[in-house]
Amino acid sequence: MRWIVLPLTLFAVAACKPARPPSIDRTTVVIERSGCRDSCPAYKLRIGSDGVAIFSARDFTGRHPLRNADGDLVIPHEIADKDRRALFERVNSKAFAALLPEYSASASDGPTTTITVSTPTGKRRVTQDAVACLRDRKKPGALSSTSIDPQARFVPDVFCETVALIETASCAGYWSAQTRPPLDPDDPRLSPPDRCRLPSFGKAANAGAVQP
C-alpha cells in the first residue's frame with residue numbers, strides 16, 4: 001500500500017503550516033480622501049472582504065460620461081486576490097496597529113486621508129490631516145503634526161504605503177484624477193494602466209483645468 005505514503009506526507013506538511021488569522025479574510029477597508037480646493041484626490045472607496053471595491057466620487061468636472069443623475073460616479077471593481085491579501089495583511093499588521101488615531105497639522109485646507117479598518121474584533125480609524133509621511137519629511141512644503149510627542153511628528157510610512165497599495169490595486173487613484181483633474185498635466189494618475197481605463201473626455205481637456 002505504498003500509494004498511501006505520499007498523501008499522508010502532504011497532509012502532514014499542510015497541517016504544519018501556520019493558520020491564517022481569521023480576521024485577515026474577514027476584513028473591510030474604507031478609505032476617504034478630501035481637502036484642498038482644486039487638485040487633491042476626493043473620493044470614498046470601500047473594499048469588502050471578498051475583494052470587491054466600490055469607488056464613489058463627486059464629478060467636479062460636470063461632464064464625465066459615467067456620472068449619474070446626482071452628479072456622482074459609483075463604480076464597482078474587483079481587485080486581484082494577491083492585492084486583497086496584501087492589503088488585509090498590512091492593515092492587520094503590528095505596524096498599522098501602532099498608528100495613532102490622528103496626525104494633524106491643523107492646516108485650514110490641507111489634504112485629508114482617513115482609513116477605517118473593520119474586523120471581527122473591532123474597528124480602527126486613522127486620519128492623516130495634511131501631515132507628511134516620514135519618508136517625505138524633507139520635501140518642500142512638508143508639514144509636521146502639532147503633537148508634542150516627537151514620535152508623532154510625522155505619519156509612519158506604513159500609512160502612506162497602505163494608501164498607495166489601495167489606490168493602485170483598486171484604480172481609485174486613477175479614477176479620482178478624472179473626477180477632479182490634477183493641475184499638473186504630467187501627473188501620473190492621468191495615465192492609467194489598461195485595467196483602470198474608463199470612458200473619458202481626454203487628458204488634454206482635463207489636465208491643468210481650474211476646478212469649479
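The values are calculated or read from the model by the stated rules, or taken from the named source; none is laboratory data. Fair warning: this is a prediction, and the values are worked out from it, not measured in the lab. Cβ coordinates were reconstructed from backbone atoms using ideal geometry, including for glycine residues, and neighbour counts include every protein chain displayed. Surface accessibility is based on the protein's heavy atoms, side chains included, excluding ligands, DNA and RNA. Shrake-Rupley method; radii C 1.70, N 1.55, O 1.52, S 1.80 Å.
Which net charge results when you count Lys and Arg as +1 and Asp and Glu as -1 among the other residues whose beta-carbon is under 10 Å from that of residue 158?
On the way: positive: 90, 94; negative: 157, 161.
That sum, taken over residues with Cβ under 10 Å, equals 0.
Tell me, what % of the accessible area of the stretch 71-130 is carbon and sulfur with a 1.4 angstrom probe?
On the way: 1510 of 3050 Å².
Here carbon and sulfur together make up 49 percent of the probe-accessible area.
Just how far, in whole angstrom, is the stretch 133-184 from the stretch 56-122 if you go by their alpha carbon centroids?
The stretch 56-122 and the stretch 133-184 have Cα centres spaced 12 Å from each other.
Near residue 173, within a Cβ-to-Cβ distance under 9 Å, what is the net charge of the other residues, with Lys and Arg +1 and Asp and Glu -1?
Values: positive: 189; negative: 167.
Taking every Cβ under 9 Å from that of residue 173, the sum is 0.
From the phi of every residue in the stretch 170-186, what ³J(HN,Hα) in whole Hz does the Karplus formula 6.51 cos²θ - 1.76 cosθ + 1.60 yield, where θ is phi - 60° and glycine or proline is x?
Running phi through 6.51 cos²θ - 1.76 cosθ + 1.60 with θ = phi - 60° gives 9, 6, 4, x, 6, 5, 5, 6, 8, 8, 9, x, x, 6, 7, x, 9 Hz.
For residue 138, list the aspartates and glutamates whose Cα falls under 15 Å from its own Cα; do not include residues on the same chain fewer than 8 positions away.
List returned: 157.
When the Karplus curve 6.51 cos²θ - 1.76 cosθ + 1.60 is applied with θ = phi - 60°, which whole-Hz ³J(HN,Hα) does each residue of the stretch 157-168 get, with x for Gly and Pro?
Along the stretch 157-168, the couplings run 4, 4, 5, 5, 5, 5, 4, 4, 5, 4, 5, 6 Hz.
For the pair residue 58 and residue 93, what calculated FRET efficiency results from E = 1/(1 + (r/R0)^6), where r is the Cβ-Cβ distance and R0 = 45 Å, to the nearest 0.05? Mind dumping the intermediate values first?
Details: r = 32 Å, r/R0 = 0.72.
E(calc), rounded to 0.05, equals 0.90.
With every protein chain present, what is the per residue accessible area of the stretch 63-212 (1.4 Å probe, Å²)? Can you show the working numbers first?
On the way: 7960 Å² over 150 residues.
It amounts to 53 Å² per residue over the stretch 63-212.
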